[in-house]
Amino acid sequence: MNSHEFHELTHYVMDSPASPPASLFAGGFDDWRSRARLAHFLAMPELKKHDEAIELFRSVVEVEIDEENPEQVEEKVYALQRLSSCLREDKKYDDALHYINLAVQLVESTDYLYKYILRGEVWADRWNLLYNKQDIETAENEIDEKIRVFENLDVKHNSYLYYGYRFKAQLMATGLMKEEALNYMRKALSFMDIPEKYKPAIEKAFSATHNNVAWILNTIDHACPSPEKIHWDI
């Protein structure tokens, strides 16, 4: 991609229903953050620019950032995470795993409490890819290690444990083990900061009497607040 194509794509995105402000891309083609931001919009399914998004995301992989700047760290982690998810959509699981591993490495290189990125969610992307590659044992071992390290610490709202137990719940659902799946999901939610107004709908979802466990877990997910909109301690 060259600067002319980049310029055309910024206008394509700004003229789309997403309608982001031009200031997001003010740095132009030579600015890695502008390229990453454009890629996030191009990756939206309705814009049908999947390949262009991947190309732009790949262009930021080798960029050196200031790791003393939490905003730069977060923006690069987010780009790597989204690149991985795009490749996962294409079923290119090895490539996707490579980039999510880079995201994990970068997100764990600091002790920042990020504004948007959740460490547990980045790890969950890795675990889901390991599931796709049929390496469930590695995923479970990593989750068990997170539980061993964090569960007895005084860290109430813990994204590692929320996503770890949620993954275990989903594994139980694939085996149609309803009681075990719901127990793990309750454990996951115990590490989430859930406002009172959400709790009646969550309990209603848990009380479903049918045995479609995956449907129940999906209903619970939808009844919960969006993880990026609530407080996390880690």
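The values are calculated or read from the model by the stated rules, or taken from the named source; none is laboratory data. This one's a predicted model, so the numbers in the text were calculated from it and none came from an experiment. So basically every Cβ, Gly included, is an ideal-geometry build from the backbone, and we count neighbours across all protein chains shown. Note: areas computed on protein heavy atoms with side chains; ligands, DNA, RNA excluded. Shrake-Rupley method; radii C 1.70, N 1.55, O 1.52, S 1.80 Å.
Miscellaneous remarks
- Residues of region 214-232 classified as at pLDDT below 95 and touching a Leu at 6+ places or on another chain (Cβ under 8 Å), total: 3
- Whichever residue in region 207-232 is outside any helix (DSSP H, G or I) and among the β-branched types (V, I, T) and, among such residues, is farthest from H157 (Cα to Cα): T209
- Filtered residues of region 45-84 (kept if open to solvent by 40 Å² or more (accessible area, probe 1.4 Å) and assigned to a helix (DSSP H, G or I)): P45, E46, H50, D51, E52, E55, R58, P70, E71, Y78, R82
- Candidates D154, D125, D111 - the one that is over 18 Å from the mean Cα position of the chain (by Cα) and not assigned by the TED database to the domain that holds M192: D111
- Filter pass, V149 being touching a residue at least 60 places away in the same chain (Cβ under 8 Å) and over 19 Å from the mean Cα position of the chain (by Cα): no
- Residues that are among the aliphatic types (A, V, I, L, M) and either part of a helix (DSSP H, G or I) or open to solvent by 60 Å² or more (accessible area, probe 1.4 Å) (or both) occur at least once in region 4-11.
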